Structures are given as structure tokens and as C-alpha cells.
1. Roughly to the nearest percent, how much of the accessible area of the chain is carbon and sulfur, given a 1.4 Å probe?
2. Run the dipole for the range 86-240 about the Cα centre, Lys and Arg Cβ at +1, Asp and Glu Cβ at -1, nothing else charged, and hand back the magnitude in debye, nearest 20.
3. Modelling each spin label as a point 7 Å along the Cα-to-Cβ direction, I'd like the L229/A169 distance in nm, to one decimal.
4. In the chain, what % of DSSP beta bridges are antiparallel (nearest 5)?
5. Let me know the shape class of the range 1-157, please: from the alpha-carbon gyration tensor, a ≥ b ≥ c as square roots of the eigenvalues, rounded when a/c is under 1.5, otherwise prolate if a/b is greater than b/c, or oblate.
6. Assuming a viscosity of 1.567 mPa s and a temperature of 4 °C, what translational diffusion coefficient in µm² per second does Stokes-Einstein assign to the range 171-210, Rh being the Kirkwood radius over Cα pairs?
7. Please state the charge dipole magnitude for the range 1-159, taken about the Cα centre, from unit charges on C-beta atoms (+1 on K and R, -1 on D and E), reported in debye and rounded to the nearest 20.
8. How large is the accessible surface per residue of the chain, computed with a 1.4 Å probe and reported in Å² as a whole number?
Amino acid sequence: MSTDARVNNESGFILHTYPFKETSVVAEVFTRSHGRVALIARGARRPASSLRGLMQPFSPLLLSWFGKSDLKTLHAAEWQGGLVAPQGRALMCGFYLNELLLRLLARGDAHELLYDRYVDTLDLLAGEVCATDYERILRRFEKNLLSEIGYGATFDVDAESRAPIDPQARYVFHPERGALHASGQPGCPVSGQTLLDLAADRFEGSVTLAEAKSLMRALINHTLGGKPLYTRQLLRELTELNP
């Protein structure tokens, strides 16, 4: 696609907005075929603007834009419907997903499979789920996101010996090397069974769920260069208030 081409009726979601000049906003959006895109929604803060009510996260939109620079101009937006927005704790989980996408995705790189997983994850969060379900939903999305952007890890093989992971053994997982037998080496402590569960996309066991949370956090922190995620702290505080 040329940089000045028009894009019409592209499926997408608002990840984040911030004010631009007196009456406009810049919307960071996640689209199915064009990845993350920054759009100026001119006049969207005016009370009579047709865009005002649409510049909200978790609403499936059809977006049309044009422009030559990295900051495109939003031409039209239309609500697609068909998805219930998450509420309560699920809403905070949704904001966490949005922050991950905003911080980890480069602009202009299409991730159609990840987009579909995002839609499915929002749908799961909007359903009737318990506390452990939230953890499973988030861990699975984190793993898929890291894999999609090229930071996928190998969980079922020892990084040094290339031997299959022993479910009974203890390991440490190093973000740049992989699973290593626990022998005083730096990394995130993890059981062999958890590593095999991660490789198989299984998040049923309580130990696996707890260790997967620590491991995904370590991998994401490494990918972000140690910069904090604000919604993660809010989720932690919410969990402490509602055990």
C-alpha cells in the first residue's frame, strides 16, 4: 500500500486516544489488515461530532482514513456491533490488553491472526468468568502476542542440551536463551511441567497458572526494556482489594 492511499471500511478497535489541538483527538487503533495505526479524528471533541461517541475502546469499528505521514487522517468511522464490551474487572483486563498492543506492536505491521485472537479474547472477557478464568485468558493472549511479534519462546526443549524438558525437573527460563536446568543461573524459576503446559497451551493447573504468570511477566518486561505497564499495577491493586 502506498503511503498516501485511502483505506476504506477497515475493521479496527480504538486502543487509546489523546487530545489534539482544540477540538480533535489522536486515536491509536489496532486494525486487522494494517496493524497499529495513528489517526487524527478532526473535530471529534465537538459536542455535535458524529465521531465523538465512537472514539471509545472495545467498540468494533469500520474505519476509513487517508494521509501520507505516519499520522493519518480519519475520514469516517462506523460502529460494527456484534461484540459486548467487558465490564468491571474484565474491563481492566481489556485495558491491559490494549496497553500491551500499544507498547509492543510497531505501527503499520499487520497481525491478522493476533487481531482475531484479540477479538476472541474480548469476547471471553465479556462472558461470565471467574478469577482464575481471567488469569488463563490473559496468559494465553500474552503468549500468543509475544509469538506473533517474533519473541516467541521454545518451552519444551532444554536450551543448552536440546533434550526434551523433564516434567519432574526444575528450570530457570532466561528471556534470551530459554529453559536452563536450575543450577544457580539467572532467570525465572519454573517447573518442567509448567514449561510443557505452556508449550501445549494448557493453563488448567494452579501451579502452572502461577508460574506462567511470573514467566510471562519476565518475558514482557524484557521485551519492554523494563519499562512499567500502568494497567498491570492497577490490576495488582484491584486483586489485593478483591482477593
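The values are calculated or read from the model by the stated rules, or taken from the named source; none is laboratory data. What you are looking at is a predicted structure, and each value in this text was computed from that prediction instead of being measured. Glycine gets a Cβ as well: all are built from the backbone with ideal geometry, and neighbour counts include every protein chain shown. These area figures cover heavy atoms from the full protein model, side chains too; ligands, DNA and RNA do not enter into them. Shrake-Rupley method; radii C 1.70, N 1.55, O 1.52, S 1.80 Å.
1. Here carbon and sulfur together make up 51 percent of the probe-accessible area.
2. Its charge dipole is roughly 460 debye.
3. Between L229 and A169, the label points sit 2.9 nm apart.
4. Of the beta bridges lying entirely in the chain, close to 85 percent run antiparallel.
5. Numbers: a/c = 2.23, a/b = 1.42, b/c = 1.57.
Note, shape of the range 1-157 comes out oblate.
6. Details: Rh = 10.4 Å.
Answer from the Stokes-Einstein relation: 125 µm²/s.
7. In debye, rounded to 20, the range 1-159 gives about 760.
8. I get 50 Å² per residue for the chain.
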